[in-house]
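Participant: I have a structure here, written as structure tokens, and I will follow up with some questions on it.
The values are calculated or read from the model by the stated rules, or taken from the named source; none is laboratory data. The shown structure was predicted, so the numbers you read here are calculated from the model rather than taken from an experiment. Counting neighbours? That spans all protein chains shown, and the Cβs are built from the backbone with ideal geometry, glycine included. All accessible areas refer to the heavy atoms of the entire protein, side chains included, with ligands and DNA or RNA removed. Shrake-Rupley method; radii C 1.70, N 1.55, O 1.52, S 1.80 Å.
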Amino acid sequence: GAGVSQSPSNKVTEKGKDVELRCDPISGHTALYWYRQSLGQGLEFLIYFQGNSAPDKSGLPSDRFSAERTGGSVSTLTIQRTQQEDSAVYLCASRRTGSGELFFGEGSRLTVL
Amino acid sequence: AQTVTQSQPEMSVQEAETVTLSCTYDTSESNYYLFWYKQPPSRQMILVIRQEAYKQQNATENRFSVNFQKAAKSFSLKISDSQLGDTAMYFCAFMKHIEDNAGNMLTFGGGTRLMVKP
């Protein structure tokens, strides 16, 4: 596709369940980012992938959160044993080498009941 | 670490008038990018305008312009001839220059909710 694609668009889950959120970046973009946006709030950095380098995981809030990026393309953000405070919109963005601009997907809204 | 501050949580403006959104940042870097992103109710973040710190000339994109004051670490956004479609959250953001691949995340301010009134 032409833009960053995220799925699912909306996810409702029960407390304690695991969830996976997927991001398909723009083809050829080497950098991929995950951010979290709580209701009416700003964006909180979670994790950053750049090419084949080790990811920057400094923003992950707990060890229940993990992410991987397979083949330098699609990324999956996994939240284990979800808690109500995990409810938020999870935004993915990608960037091509040599550019400062991030292109964002429409986000995945996670609701933990 | 970089911080970005937007001191105006909410603003409103009449259609066709001009509004300025404030942003200040703190960094020890000398080479970086600054951005304004718009987030309409549809949720998707859209780049409005960007500024390279080494450029003294203020960036302009149609009705959108910035006032970049590097010494003061200030980066305000001016929207001229406001339109109803400008209603959105606006986020100021900072990124270290991309040649330094370490830590090239985008640091966001808390956002300003702009309402354009008819």
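Participant: Keeping to the stretch A:85-107, report how many residues are within 10 Å of chain B (Cβ to nearest Cβ) and either modelled with pLDDT of 95 or more or open to solvent by less than 50 Å² (accessible area, probe 1.4 Å) (or both).
Facilitator: So the answer is 11.
Participant: Right, something else. Taking A:PHE49 and the conditions (1) open to solvent by less than 10 Å² (accessible area, probe 1.4 Å); (2) closer than 26 Å to B:CYS92 by Cα, which numbered condition does it fall short on, given that it satisfies the others?
Facilitator: So the condition that A:PHE49 fails would be (1).
Participant: Now for a different question. Considering each of A:THR13, A:THR78, A:THR82 in turn, give the residue that is in contact with a strand residue (DSSP E or B) (Cβ under 6 Å, 6 or more places away or on another chain), open to solvent by less than 10 Å² (accessible area, probe 1.4 Å) and away from chain B (no Cβ under 11 Å). First the steps, then the outcome.
Facilitator: Working: A:THR13 fails: open to solvent by less than 10 Å² (accessible area, probe 1.4 Å); A:THR78 fails: open to solvent by less than 10 Å² (accessible area, probe 1.4 Å).
Just a single option satisfies the conditions, and that option is A:THR82.
Participant: Now, a different point. Output the number of residues of the stretch A:83-103 satisfying the condition of being under 15 Å from the mean Cα position of the chain (by Cα) and more than 18 Å from A:ASP56 (Cβ to Cβ). Full working, then the answer.
Facilitator: Here is the first cut: in the stretch A:83-103, the residues under 15 Å from the mean Cα position of the chain (by Cα) are A:86-95, A:102-103.
Going one step further and asking which of them are more than 18 Å from A:ASP56 (Cβ to Cβ), we end up with A:86-89, A:103.
Number satisfying all stated conditions: 5.
Participant: Which members of the stretch B:50-99 meet the condition of being open to solvent by 80 Å² or more (accessible area, probe 1.4 Å) and either among the aliphatic types (A, V, I, L, M) or over 30 Å from A:GLY51 (Cα atoms) (or both)?
Facilitator: Going residue by residue through the stretch B:50-99, those that are open to solvent by 80 Å² or more (accessible area, probe 1.4 Å) are B:54-57, B:60-62, B:69-71, B:78, B:83-84, B:99.
Passing the criteria: B:GLN56, B:GLN57, B:THR60, B:GLU61, B:ASN62, B:GLN69, B:LYS70, B:ALA71, B:LYS78, B:GLN83, B:LEU84.
Participant: Residue by residue through the stretch B:15-49, note down the ones that are more than 13 Å from every other protein chain (Cβ to nearest Cβ), in a strand (DSSP E or B) and either open to solvent by less than 40 Å² (accessible area, probe 1.4 Å) or under 17 Å from A:TYR35 (Cα atoms) (or both).
Facilitator: Residues satisfying the conditions are B:VAL19, B:LEU21, B:TYR25.
Participant: Next up: Name the strands (runs of 3 or more DSSP E) wholly within chain A that hold at least 1 residues that are in contact (Cβ under 8 Å) with a residue 40 or more places away in the chain? Please lay out each step first, then the result.
Facilitator: Numbers: elements: A:5-7, A:10-13, A:19-24, A:31-37, A:43-50, A:65-69, A:75-79, A:88-95, A:108-112.
By residue number, A:5-7, A:10-13, A:19-24, A:31-37, A:43-50, A:75-79, A:88-95, A:108-112.
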